[in-house]
1. Quick one: pull the percentage of alpha-carbon pairs in the stretch 25-136 with a separation above 21 Å.
2. Normalised by the residues of the stretch 88-218, what does the relative contact order come to in percent, with Cα pairs under 8 Å and at least six apart?
3. So, in Å, what gap is there between the alpha-carbon centers of the stretch 165-205 and the stretch 1-40?
4. Using alpha-carbon pairs under 8 Å, 6+ residues apart, how would you state the relative contact order of the chain in percent?
5. Computed from the mean reciprocal separation of all distinct C-alpha pairs, what Kirkwood hydrodynamic radius does the stretch 2-226 have, in Å?
6. Sort 70, 28 so that the residue with the fewest other Cβ atoms within 10 Å of its own Cβ comes first and the one with the most comes last.
7. Label points 7 Å out from Cα along the Cβ direction at residue 49 and residue 154: separation in nm?
8. If you add up the charges near residue 198, with Lys and Arg at +1 and Asp and Glu at -1, over every other residue whose beta carbon is less than 13 angstrom from its beta carbon, what do you get?
Amino acid sequence: MLIEGIPLWVAETNAWIVAPAGPGGECVLVDAPPDPTAILERLAAHGLRLVALLSTHGHIDHIGGVAPVVRAQDHEVPVRIHDGDRHMLLDPVGTSGAFGRILADEGLDLRPPELVYGLDDGESVSGAGMTFTAVHTPGHTQGSVCFLLEVEGEAPVLFSGDHLFAGSIGRTDLPGGNFQQLMTSMAEKVLPLADDVRVLPGHGPTTTVGREKSTNPFLLELLADRR
C-alpha cells in the first residue's frame, strides 16, 4: 500500500495520496490544498488514477485545489464533504476571506466540482477498493470529519484533518469553531480508538493515537477528567 503525504501551499497542508496497490493503480486523495499542479504531478509520477476525493473540512487550505484536480482527470471523480462544510466548497471565495480572493485573482479555478456528495457520521465511503469510515468530529469546523481506513494486514489509519495533530489540536477561533465541541468530539470519537491507530493529520508529522494519549497535553487533560 502507498500512503504519501505532500505538504503544500503556505500552510503546508498535507494532501494524502492513498493507493492500495501502489504505483500504477487507482488511488484516493484526502484533501486538496490550493496547489493542484503539485498534486497532479505527483499522481502522474506514480502513474495513479484518481477515483475519489475526500475532504476533511472546508477551509481553503484543504479544498482550494479540489476543482482543478478533479477537472484534470479524464473521468468523473466524486468529492465527499460533510454537509456542515459544503457551503465552503461551493463558495470558497466568499467563505475564506482574503485568501480566497487572492487565489481567485491568481487564476486558480475555484468553481465548485460537479460531483459533490455529503457524509454522515459512521458512513462507509468506498474508493480504489478501500473503505473509509467517516467520523464526524465537529469543533474545528462544524463539518470536520476524520476518515478511518482499515485494511487487512495494515495498522488502521486515521486521516485526522485539523482535528488532531501530533502534540496539539485544531484551532477553534475561526468561524464555526468551538473548543468545547472539539474536545467532546475528541473524547467520544478519538479516545476510544486503539493505541496502534496511525494518525495522519492535515498539518505536521504523523503520530499514533497511543502516542497522543500519553504525550498530547489536550488528550492528557481529557483522560484525567474521565478518571
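Quick note: the coordinates plus some simple rules give every number you see, no bench work behind them. What you are looking at is a predicted structure, and each value in this text was computed from that prediction instead of being measured. Neighbour counts are summed over all protein chains in view; Cβ atoms, including those assigned to glycine, are modelled from backbone coordinates with ideal geometry.
1. Of the Cα pairs, 32 percent sit more than 21 Å apart.
2. Worked out over the stretch 88-218, it gives 18 percent.
3. 21
4. 15
5. Mean inverse Cα-Cα distance, inverted, gives 17.4 Å.
6. 70, 28
7. Modelled inter-label distance: 1.9 nm.
8. So the environment of residue 198 carries a net charge of -4.
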